[in-house]
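Values quoted throughout were computed directly from the atomic coordinates according to the rules given, and no laboratory measurement underlies them. These numbers come from a predicted model, not from an experiment. Here the Cβ positions follow ideal geometry from the backbone for every residue, glycine too, while neighbour counts run over all protein chains shown.
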Amino acid sequence: MVRDQAESAADVAREMPASAGHVVHEQAAQAEQAVREQAEKAGQERARQARKTEREQARQAHDQARERYEGLTKAELSDRLAERDLPKTGNVDELTERLIEDDSK
């Protein structure tokens, strides 16, 4: 009986390093997965910030382009459109937008 208990204890002692190794391996795999997920989230955040910056820059460029036509009358805007062979119909905002769009080409 003592021999059986000793062999049982020896078996358990032999299995412990393998079991501990498995736990360490699992923890390492989980840590690697967490790092990958964190890197992915960081990449997504950078992409979101880049899109936001791009939209802001486009809005600023549009506003600057619009300033060129501020204060012009509908007739003056129509004349500029006619010079470019563009449609001259619409309200002041539509005419201005048409000129801005043409400027950006």
Relative exposure of 78, 104, judged by other C-beta atoms within 10 Å (fewest first): 104, 78
Within straight cross-link reach of residue 41, meaning Cα distance under 28 Å, which lysines are found once same-chain residues fewer than 8 apart are removed? 52
